[in-house]
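Worksheet: one structure, shown below.
The values are calculated or read from the model by the stated rules, or taken from the named source; none is laboratory data. Since the model is a prediction, treat every value here as computed from it, not as a measurement. Here the Cβ positions follow ideal geometry from the backbone for every residue, glycine too, while neighbour counts run over all protein chains shown.
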Amino acid sequence: MSSESTQDVRNFLVDQILLDPGRDAAVALKKQLSYISGDRVHKPMIYVGMATCGRIAGAEKTFKAIKAYLSDHQIDADLVEGGCNGFCQAEPIVDIQLPGKARLSFSHITDDLVQPLLDDVLNNIIPDMPALGQYRSQLLQQWEQMPFIDEHPYFKHQHKVLLELCGVIDPVSVSAYIAKGGYWAFTDTISRYTPARVCDIIENSGLAGRGGGGYSTGKKWRLALQTTSDQKYFVCNAVESDPGSYMNRAIIESNPHRLIEALLIATYAIGATKAFIFIRKEFKLAIERLEAALEQARAYGITGHHILDSGVNIEVVVKKGARAFVCGEETALNSSIEGKRAMPSSKPPYPSESGLWSKPTIVNNVETLFNVPLIMRNGAEWFQSSGTDISKGTKLFTLSGSVKRYGTVEVPMGTTFGDILDKVGGGMSSDKEFKAIVLGINSGSYITKDILDTQVDFDALKNVGAALGSGAFVVLDQGVCMVDLARFFTAFFKKESCGKCIPCREGTARMLEVMENATSRPSENHSFQTLERFKGVMQLKGLAAVIKDTSLCSLGKSSPNAILNTLKHFKEEFDTHLFERKCAANVCTDLRIFSIDVEACTGCTACFKKCPVDAIIGSPRYPHFIVEEKCIGCGTCYDVCKFNAVLIK
Amino acid sequence: MEIQIDVNAKQISAVEGETLLTVLRKHGFKIPTMCHMNRFSPTGACRLCVVEVEGKRDLITSCSYPVEQGMKVRTNSQRVMRARKSLVELLLSNHPDDCLYCVRNGHCELQWLAEEMNVKERKYFGEKNATYPDYSSTSVARDPAKCVLCSRCVRICEEVQLVTAIDFISRGNQTKVNSAFNQGLNVSSCIHCGQCIQVCPTAALTDISHVEKVQAALGNPRQKVVFLINPGASASMAVELKWKPGENLGGRLAAALRSCGAFRVFDMGYATDLHIVEEARMLATHIRAGKPGPMLSSCCPAWVRYVEEFRSDLLDNLAPVKSSQQFLGTLVKTVYAHENKLDADTIFTVGVTPCVANKYEASREENTHRGISEVDAVLTVRELFHLLRAYGLEMKQIDEELMDEPFATSSAFAYKVNYTGGKAEAVARELFRIWADSDKETFKFNLPKNQAIKRETRVKIGEREFGFAWVSSIEEADSYLREIAEEGRDDIHYIEVMACLGGCAGGGGQPISRGFEKPLARKRICQDVEKGHSAKSAWEHADIRAYYNKNKTGRPAGQADEWLEARFRERTDLK
Amino acid sequence: MESDFQQVFEQFPNKRREDLIPLLQHIQDIHGFLSEEIIKKVGTYLDISVNKIYGVATFYDNFRFGPVGKYHIRLCHGTACHVSGAGTLLKELEKILRIKDGETDKQGLFSLEVVSCIGACGLAPLLEINEQYYTNITLESLKELLVSFREKENLLP
């Protein structure tokens, strides 16, 4: 930022940019904006990726090292605590931009690498270090022998729209955000469009809820707009409770202003004046940045009373929620905001009629909202131009598991799952073969090898019996036991059930018992227990169908998905567990059968002494034996044997 | 607006805005429910009322779904029936299989449902939740193992009684209805009204049973068991046994209990009359002294407990008179014992009432004197049936007998106080008797036209008008008290408060009844008795006049003086 | 301590029902857990039944009713962590520490909390101990880690 005072910058940005409809044509402004946005710099700018993923990888130490380096060498440079550009695997990422030159991005910069990195780069030398590439720029001089970051295989196949500014701008700089085109859509919206028109535009764009439901966002908004009430509320669902995804939190941490802008537009569109962002309290960094961003927006007069002299009033409040998976369900979320137990209530009445404090309320998730300013700025047609006939726009995923490159990725709707895995993710990370992709816990869907060419599309997924879910994308290799995974999912649902309705409360517990029976060996295998086990399995499908059919909320309805899909795609694996009592992936440790290698056993009696059920016989200094009928498969002998004489069959 | 819907291929008409369940039940379709409560908003928790609606992907709960023109509903499709049956089977999979030992055996909604759904084998096996029963309270026992989490008790405790002594604790499969910190009801804010027992579909909430205690006393030759029969209990019994109007309700009961080995059977209505007269005297003092605010009735122990717990600012407004149960217990153990040369500690008094809170009341500290309780045990009407059954008594074959002197009779008002409004009228009538010039004036107690909206009236005595009001349920009491306080009204002099909906006719100790049919039937029985009764008011009851002739101050001499004093105090248990 | 609570209360002058959860969160931040006494105070302040408050607090995962250990272990058990062996780690932790999710050991040294997705799936399995992250945990490194904490405690007077 230049030497101008912050007040001057504010006045410039508000008067000449936000409130001036002619700004797009004014070329002269562009240069000024590029300095405010950080596209161009007067002095060296060092940007450290310090979203949660960066911090876990050690970015704080890196940041400290850079700070120390700068003060030791008395270098005047801007040091920015940045966001995540999506490539979490490459963290800590350090970007450096020198005046007049294109921005460089380096990966895996731990604190010990700071000195050599800065020694070189600040002297205009490209160091021999892992680099993601340089940013493309028409204004600045490009580096030689440095690839472009957008050609990096991880980014090349992505279509960054929502992630556009993530990891690029200072997340808590309202001036940088405005200079990059932020809040323009909002000021245009309130000066040009009626709320009804906003609903039209969003509906025409084909934007559908990204929380998993896929319901038309514009239609939902209109329901609330058409309901007359003295008070309405807009709620942003930032609970993100899926245990396999964190992209919503990542984009809030990296670009909180976009969420605020989106909420302002959405709140205006339904005729409300108060918006809540319901976010889990543990997301400390996201909350910190969101609150800082809100404070800035307030200081700029963009939120609050009589916004930029328009007569529009919108108050945005960050609500720090307590943790419960069910808070992701909209009626439960509303109860939680009201200070109650987050128990879903039956619909109808829908929240658009009677939600928070019985007033019309719309709940949208973070990713859905992130699209809104872009649609308002570029038009419904622009949004429609990407994606498939049914599903428009892009989709974010948290790519993780046995894949070479991972992080937050954004691809246009219509991309195949195989492409995300191979092109963006770079294929399998382990030498084991691909088994399946798990989409979020809500959908409980598996993309197996034979359907890898399925497109990311609500309908295409429905055709293969899957659902998009919230955006988790966990790649599994052959080392994963699908029965165990289904058990894990069921255990999760049992733990997270709110306990209100019978099918979810009692049913998940019963399903879990069946799954536990399949993946473990009872200590005493009475014939009636075996009979019960088989009886349970026989009832499993029927029980799952009833739970799906009768549960009160979407959490309950989706709780049997993982089991149903396992039975569909991995029936054989399930049967092997059940009838042969074996786990091919060797994950269900209870099913292991142990034996002693007579050659290797020295007769040390260690296993004999430790066996909890006296299943090992033998005399000292002679090889021992395991009585299979007595063995409970606890693995104690395997652990205590110093001679690798205990084998797993 | 009237609309048409199609149910099981039959056209039926409905009114827009009604829920599907209301319409279906009105037309005779049997829809099972568990969490549904009349007059409460639907929660949709039990899912038992699901039906299939054409065009809907999932089954829908009829209790919460409004009817729509032309909707096609199936209430008994294969899918619906399988769902309902599975839900019951799931409940049973986490339920103790001890119906034979269960106090609600034969009266249990879960049992009925299992029977209706034709559940004939255990389908789901698995671990049952580990729970601990809570017998810490003096009145209400809880067994969470039998709880189906329908939320009816939680809602009545919170929304009707404003107490929230119990609530859902924890989450998911571990959810339990419990008191704060799982500490037990004895240290909770429970006011012992027992409304939760009334709404509980299973035996998760029951009363602390005194049946065995009473049986032991009956079998003990050293103890003289004296039953104190609340007229409300006999009226309730009459409803259960479908007795014809005009039959002597207490008479048969007296005979039955004697054959069980009772020493004496007394009419608690006698003490009710005394209580009325005393309360009217206190009211006269209250008005004459110009005390602020109306005087509040104190005959309902749950209400008294509520005031002590939540509204200690009203303690001074409670009428300082003992309730009829404790009044009679006192008289029996003091005056009666003295006159008949009996040792008080050999007398075992048993209250028989439609009230659960009476159990708690009998255990209150000030109602025991140097180890001697005024009332030793209290049987609710439910327990009375258990006792009689245990002794093999067939009530129809028992001939009427009279209750024992000197507490053998009561006035019509002893019955009238069983439903809301009766007590207010009784006290008004006595106040009138004390102050009015009976030659020139006649007593008029005009009931308002719509008692659902307004429950107060004015009684003219001489030149002055006195306001009398009556409310039942704490919610009603609270909102009424707030209303008159906010409006700064000083025209209401007496408020009758009954903690149970509809008064004692809807009491927590009554036989379990869903809805208002049975309480209304009990009220009708009481009204029938009143019509044929010779003593139209407490004072017209000759025995009462005799009592006051003997004890001018209303208090018999000696020991009873201290015993008869009613004491209230602020309590700081969990609010 | 008393004045700390008073300060927290003062931040919620409107005494609304919706203030309940933030108020409890604040108090837990200061005090570490919610004691009976505090819940009663909150009840009196907000005029909400103690049972209601207890019901709300037990619904959510992050309210605790006893102190946490000196080392508060938060094990990530998201999908990615599970497939990389977080389940085995959890069993091992429960075995070694003899505590379950949400409990604190008798010495007050360790407490365990299972959370879903900390947000570093690539570094799975991982755990967080007193705000410090430990990534790519194996059974061996877990045991070593616990031993190192125990040693540290023994060395201290």
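Need at least 2 residues that are basic (Lys, Arg) and surrounded by fewer than 21 Cβ atoms within 10 Å (Cβ to Cβ) per element, so show me which strands (runs of 3 or more DSSP E) inside segment B:449-539 make the cut, counting only ones lying wholly within it.
B:456-461
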Answer residue from segment A:467-483, given it is in a loop (DSSP other than H, G, I, E, B) and crowded, with 24+ Cβ neighbours inside 10 Å and is modelled with the highest pLDDT among those: A:Cys481
Residue check for A:Gly393: crowded, with 24+ Cβ neighbours inside 10 Å and more than 30 Å from A:Ile56 (Cα to Cα): yes
Residue pairs meeting the criteria (Cβ under 6 Å; at least 6 apart or on separate chains; first closer than 19 Å to C:Gly66 by Cβ, in segment C:30-56; second surrounded by fewer than 21 Cβ atoms within 10 Å (Cβ to Cβ) and charged (D, E, K, R)): C:Ile30/C:Asp4; C:Phe33/C:Arg64; C:Val50/C:Lys40
Members of segment C:104-120 found to be within 12 Å of chain A (Cβ to nearest Cβ) and at pLDDT 90 or above, listed by number: C:Glu113, C:Val114
Checking A:Ile277 against (1) among the β-branched types (Val, Ile, Thr); (2) surrounded by fewer than 24 Cβ atoms within 10 Å (Cβ to Cβ); (3) more than 12 Å from chain C (Cβ to nearest Cβ), the condition it does not meet: (2)
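Residues B:Gly251, B:Gly293: which one is over 22 Å from the mean Cα position of the chain (by Cα) and assigned to a loop (DSSP other than H, G, I, E, B)?
B:Gly293
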Residues being in a loop (DSSP other than H, G, I, E, B) and either more than 14 Å from chain A (Cβ to nearest Cβ) or touching a Leu at 6+ places or on another chain (Cβ under 9 Å) (or both) - total across segment C:131-144: 4
Test: B:Arg84 is within 11 Å of another protein chain (Cβ to nearest Cβ), over 29 Å from the mean Cα position of the chain (by Cα) and either at pLDDT 95 or above or not in a loop (DSSP other than H, G, I, E, B) (or both): yes
Single condition A:Glu60 does not satisfy, out of (1) within 31 Å of the chain's Cα centre (by Cα); (2) in contact (Cβ under 8 Å) with a residue 12 or more places away in the chain: (2)
Every residue from segment B:240-267 that is at positive phi and of a type in the set (D, E, K, R): B:Lys242
Considering residues of segment A:581-601 that are within 36 Å of the chain's Cα centre (by Cα) and not in a loop (DSSP other than H, G, I, E, B) only, the residue surrounded by the most Cβ atoms within 10 Å (Cβ to Cβ): A:Leu591
Members of segment B:296-319 that are surrounded by fewer than 23 Cβ atoms within 10 Å (Cβ to Cβ), part of a helix (DSSP H, G or I) and charged (D, E, K, R): B:Glu308, B:Glu309, B:Asp313, B:Asp316
Subset tally (residues that are more than 10 Å from chain A (Cβ to nearest Cβ), assigned to a helix (DSSP H, G or I) and at positive phi) for segment B:163-189: 2
Single residue of B:Ile525, B:Ile492, B:Ile512 found to be more than 29 Å from B:Ala337 (Cβ to Cβ), of a type in the set (A, V, I, L, M, F, W, C) and over 24 Å from the mean Cα position of the chain (by Cα): B:Ile492
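Considering only residues that are small (Gly, Ala, Ser) and not in a loop (DSSP other than H, G, I, E, B), look in segment C:60-103 and name the one that is farthest from the other protein chains (Cβ to nearest Cβ).
Among them, the one singled out is C:Ala86.
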Evaluation of B:Asn94 against (1) surrounded by 14 or more Cβ atoms within 10 Å (Cβ to Cβ); (2) farther than 29 Å from B:Thr175 by Cα (one fails), failing number: (2)
Restricting segment B:128-162 to residues that are of a type in the set (D, E, K, R) and either over 22 Å from the mean Cα position of the chain (by Cα) or not in a loop (DSSP other than H, G, I, E, B) (or both), the residue that is nearest to the other protein chains (Cβ to nearest Cβ): B:Glu158
The one condition in (1) of a type in the set (A, V, I, L, M, F, W, C); (2) crowded, with 18+ Cβ neighbours inside 10 Å; (3) farther than 29 Å from B:Ile461 by Cα that B:Val277 fails to fulfil: (3)
Failed item, numbered, when A:Ser497 is tested on (1) among the hydroxyl-bearing types (Ser, Thr, Tyr); (2) closer than 19 Å to C:Ser116 by Cβ; (3) out of contact with any helix residue (DSSP H, G or I) (no Cβ under 7 Å at 6 or more places or on another chain): (3)
Residue list for segment C:23-59, restricted to those being assigned to a helix (DSSP H, G or I), away from every other protein chain (no Cβ under 11 Å) and among the hydrophobic types (A, V, I, L, M, F, W, C): C:Ile27, C:Ile30, C:Ile38, C:Val42
Which numbered condition A:Asn517 misses (of (1) in contact with an Asp or Glu (Cβ under 7 Å, 6 or more places away or on another chain); (2) within 14 Å of chain B (Cβ to nearest Cβ)): (1)
Among the candidates B:Val211, B:Val199, B:Val163, B:Val148, residue that is out of contact with any strand residue (DSSP E or B) (no Cβ under 9 Å at 6 or more places or on another chain), under 19 Å from B:Ile512 (Cβ atoms) and of a type in the set (Val, Ile, Thr): B:Val148
Criterion: within 30 Å of C:Val56 (Cβ to Cβ) and away from every other protein chain (no Cβ under 11 Å) - qualifying residue of A:Gly507, A:Gly471: A:Gly471
Residue that is farthest from the chain's Cα centre (by Cα) [pool: residues in segment A:80-123 that are under 19 Å from A:Lys160 (Cα atoms) and not in a loop (DSSP other than H, G, I, E, B)]: A:Leu104
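What is the residue count in segment B:39-67 for residues that are surrounded by fewer than 21 Cβ atoms within 10 Å (Cβ to Cβ), out of contact with any His (no Cβ under 8 Å at 6 or more places or on another chain) and facing another protein chain (nearest Cβ under 10 Å)?
5
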Counted residues, segment A:307-348 - those being in contact (Cβ under 8 Å) with a residue 24 or more places away in the chain, of a type in the set (D, E, K, R) and surrounded by fewer than 23 Cβ atoms within 10 Å (Cβ to Cβ): 4
Residue match in segment A:488-502 (condition: more than 10 Å from chain C (Cβ to nearest Cβ) and farther than 23 Å from A:Glu516 by Cβ): yes
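In segment A:397-445, how many are part of a strand (DSSP E or B) and away from chain C (no Cβ under 14 Å)? Outline the logic, then answer.
Step one: list which residues in segment A:397-445 are part of a strand (DSSP E or B), which gives A:397-401, A:403, A:407-412, A:416, A:428, A:434-439.
Among the residues that remain, those that are also away from chain C (no Cβ under 14 Å) are: A:410-412, A:416.
Count: 4.
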